[in-house]
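Let me begin by presenting the structure, written as structure tokens, before commenting on it.
The values are calculated or read from the model by the stated rules, or taken from the named source; none is laboratory data. Computed from a prediction, not measured in an experiment: that's the story for all the values here. Positions of Cβ are backbone-derived with ideal geometry, glycine not excepted, and every protein chain shown enters the neighbour counts. Surface areas here come from the heavy atoms of the whole protein model, side chains and all, with no ligands, DNA or RNA. Shrake-Rupley method; radii C 1.70, N 1.55, O 1.52, S 1.80 Å.
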Amino acid sequence: MFTFALALYFVVVTIVIAFERQTMIESVAMLQDLNEREERLVALNYSVSRTVISVNENYFSPDIEASGKILALEVEALIPGLTRLQTAYPVLGEARGVLTNVVDELSGDPTRATIADLRGTMHRLVLELDQVTADVAAQKLQMVERYQHTFARLTQEWIAFGVVALALMGLVFKVFFRGLSADIDRVRRHASHIVQGRPGARLLHSRKDELGLLMDSVNSMQDELAKRESQIELTRQQSFHKEKMAAVGSLAAAVAHEINNPLAAIVGVAQAMDNECRSTSCANYGANCHPEMILEQARRVMHITRQISEFSVPQSQEAELIDINGLLRSTVNFVKFDRRFRLVDVIVELDSNLPAVVAVADHLVQVAMNLLINAADAFHGRAEPPPQIRVLTSRQEGWVIVRVIDNGEGISPENLPRVFEERFSTKQRGQGSGLGLSLCRSLVEKTGGTIDIESQLGVGTTVEIKLPVPVLGADCR
């Protein structure tokens, strides 16, 4: 805006100055022309005066012929001057024609009457020259006044333009330094927010100067800090997952040890009772006596503790060939103990011909647990319609496909594009950190795979993971 105003101002100044300059040039040119006319008039008036004197001296001369020749020469000298002035003053043309005829008469057969006519003609010529001289003087005075007026107007215009230019420059500097101060303050406040751990949006600007470079540097610093914080948080989440699983494993091992000892005794006694009842054909066997039920339930408890212990064993942190079906099956069995899955029907449909994939087992366990828990949270404890989570695997053109499908409340269209953003969560405050799906995407992409999500509000959500099938002979490391 200010650039346009300055450009318009300079265009107006240029046009006005050019106009005034042209006016002054025209005035000077006219003054020069009038000075030249004045010089010619002075010379002509001098010649005319001399001719008038000569006419008066020779009017009474007894030698008319000699006087005629002298006067013819005098008059003939006037004709070139009249010719030069005739263009600007046509009134002198008549006198020039008369004097030309008089020269012919004086050169041929002069008479006193011709000299008398010449005296009258010269008198009229003097009057005309006086009028022309006065006209030239008036025009010259007018041109001088016009030049002075133009010069004075130009001076005033220069002063006005100077004042306007100073005002515009002051306004430009004020706006510039105010914008500079505001942008510096924005950078200061933004840097303070970054230091305080609440950076907010990037600094938007259109500056091309050093301050713009500083803003770009602050934005780059913010992005780099965000990346590092993200990596630190992801590392913390993975470490927390490992520690949690290790704690669960230790607790499960201790519980299993403490439970299995009495269970072994219970199983032994129940087995002895069962054998005794069968061998003696006990009348109450199958009616009031159920040693086989004791055996079944005791073995079920032992199987559960063994599952928990096996699942909680620390996994290798190196990429290796993984049976994705077995990993998903054990993960599903483990998360079913969570109270959020109490009313949820978890259906596992696994492709038995699925090839192994190369990945870090602990990473895939963490991804599967996050997706299953997110699906369970989508039901908000509802019982109708019956909550259902389906875990499916399949193979498709060099990819192993894993899908986790729920019939929960779904995700709104405006939130769906943001589900992989860090710190974004649709759960209630305190129920989610907003890092689950972001962590899942990071871990899946580390294996060379992709993760996508589709959701329809009120219908449910489908999360699809694609893991690459390793090439035979490739290094699994």
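Structure notes:
- Residues residue 229 and residue 8, FRET efficiency given R0 of 45 Å [Cβ-Cβ distance, rounded to 0.05]: 0.35
- Near residue 89, no amide H atom lies under 5 Å from its own; only residues 5 or more places off or on other chains count, and H is placed 1.01 Å from N.
- Translational D in µm²/s for the range 10-65 (Stokes-Einstein at 25 °C, 0.890 mPa s, Kirkwood Rh from C-alpha pairs): 160 µm²/s
- What the Cβ-Cβ distance of residue 157 and residue 39 gives, at R0 = 56 Å and to the nearest 0.05, is a FRET efficiency of 0.95.
- Long-range HN-HN contacts of residue 395 with modeled amide H, under 5 Å: 401
- Take the Cα of residue 111, step 7 Å toward its Cβ, do the same at residue 211, and the gap between the two points is 10.2 nm.
- The range 211-219 - phi-based ³J(HN,Hα) in whole Hz, Karplus 6.51/-1.76/1.60, Gly and Pro as x: 5, x, 5, 5, 4, 4, 5, 5, 4
- A straight Cα-to-Cα reach below 18 Å connects residue 208 with the aspartates and glutamates 183, 185, 216, residues fewer than 8 places away in its own chain not being considered.
- Pairs of Cα atoms nearer than 8 Å and 6+ residues apart set the relative contact order; for the chain it is 9 percent.
- Peptides 79-92, 393-406 ranked from most to least packed, by the mean per-residue count of other Cβ atoms within 10 Å: 393-406, 79-92.
- 3J(HN,Hα) along the range 200-207, derived from phi through the Karplus expression 6.51 cos²θ - 1.76 cosθ + 1.60 where θ = phi - 60°, amounts to x, 6, 5, 6, 9, 7, 10, 6 Hz, with x in place of Gly and Pro.
- Nearest-ten-degree value, helix 2-58 long axis tilted from longest Cα axis of the chain: 10 degrees
- Each of 194, 437, 291 was placed along the dipole of the chain (beta-carbon charges, centred on the mean Cα), and the one lying farthest toward the positive end is 291.
- Dimensionless Rg ratio for the range 335-415, taking C-alpha atoms and the 2.2 N^0.38 Å reference: 1.21
- Between the range 197-229 and the range 99-125, the Cα center-to-center distance that results, in Å: 103 Å
- Helix-only mean residue ellipticity at 222 nm for the chain, each DSSP H run of n ≥ 4 adding -39500 (n - 2.57), per residue, nearest 500: -24000 deg cm²/dmol
- Relative contact order (%) - the range 1-148, alpha-carbon pairs under 8 angstrom, separation at least six: 32 percent
- For the residue pairs 227/336; 227/466; 69/140, the alpha carbons lie more than 29 Å apart in 227/336; 69/140.
- Once the 1.4 Å probe is applied to the protein heavy atoms, the chain comes out at 60 Å² accessible per residue.
- With every protein chain in place, the chain: carbon and sulfur % of accessible area (1.4 Å): 58 percent
- Computed from the C-alpha gyration tensor, the three semi-axes of the ellipsoid equivalent to the chain are 126, 22, 18 Å, from longest to shortest.
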